[in-house]
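Comments concern the structure below.
The values are calculated or read from the model by the stated rules, or taken from the named source; none is laboratory data. What you see is a predicted model; the values in this text were computed from it and never measured. All Cβ positions, glycine included, derive from the backbone under ideal geometry; neighbour counts span all protein chains shown.
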Amino acid sequence: MPDVALEPADAPGRATRATRGLSLVELPLTLPPMFAEACGYQGEARHIALCWIPELGELWWSDNGQATLGDSRAFLMLCGHPATSDALKDYQREAASEGDERPWLLVDRDRRRLSMGPHERIWRMVEAQPNGRRLGRRPRLDRYRQRQLEHIVSSWLDWMGRRNGRA
């Protein structure tokens, strides 16, 4: 696995659209347990790439450089919850911009951290990992399991919000 140069999102002079190609920006939040799975991911890889396309209402994920349509409900919970929404404002603003510069997110499932960066950098990370899962189609959805995962994400976000005084 290549080393990742991460820059904290609250660092002075943090990466902007013009400089983001040099490093990934680690967002100041901890992901809920099973967040990737709640977004439709069913593989075993450590790093998952996510891209939100707001004009289509679609969330795409990849663990090997081939994007697969995911489930956006848990991602939208993360973006809208008071405990985590501030950390995702820059990403949401840039994701809504037109053009080829749409940023992607890198989920580190081991550390439960989220980083933002240009798609080329994110995809290099996921393609370099040894155990990505190739899927030619969207994984089959088990509605009961999906509701369970969304409940886990929602409950964890509420707990974090109360803990941090942002409920």
Inset, instruction - Return a yes/no flag: does region 95-105 have any residue that is within 26 Å of Arg145 (Cβ to Cβ), touching a Phe, Trp or Tyr at 6+ places or on another chain (Cβ under 6 Å) and either buried (at least 18 other Cβ atoms within 10 Å of the Cβ) or in contact (Cβ under 8 Å) with a residue 60 or more places away in the chain (or both). - result: no
Inset, instruction - Please enumerate the residues belonging to region 46-78 that are of a type outside the set (Phe, Trp, Tyr) and without any contact (Cβ under 8 Å) to a residue 24 or more places away in the chain. - result: Leu56, Gly57, Glu58, Leu59, Ala67, Leu76
Legend entry - Which numbered condition Arg109 misses (of (1) surrounded by 18 or more Cβ atoms within 10 Å (Cβ to Cβ); (2) touching an Asp or Glu at 6+ places or on another chain (Cβ under 8 Å)): (2)
Legend entry - Residue check, Ala74 closer than 21 Å to His151 by Cα, of a type in the set (A, V, I, L, M, F, W, C) and touching a Cys at 6+ places or on another chain (Cβ under 9 Å): yes
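Just checking, which of Gln129, Gln148 is at pLDDT 80 or above and either surrounded by 19 or more Cβ atoms within 10 Å (Cβ to Cβ) or over 15 Å from Gln42 (Cα atoms) (or both)?
That would be Gln129, the only listed residue that is at pLDDT 80 or above and either surrounded by 19 or more Cβ atoms within 10 Å (Cβ to Cβ) or over 15 Å from Gln42 (Cα atoms) (or both).
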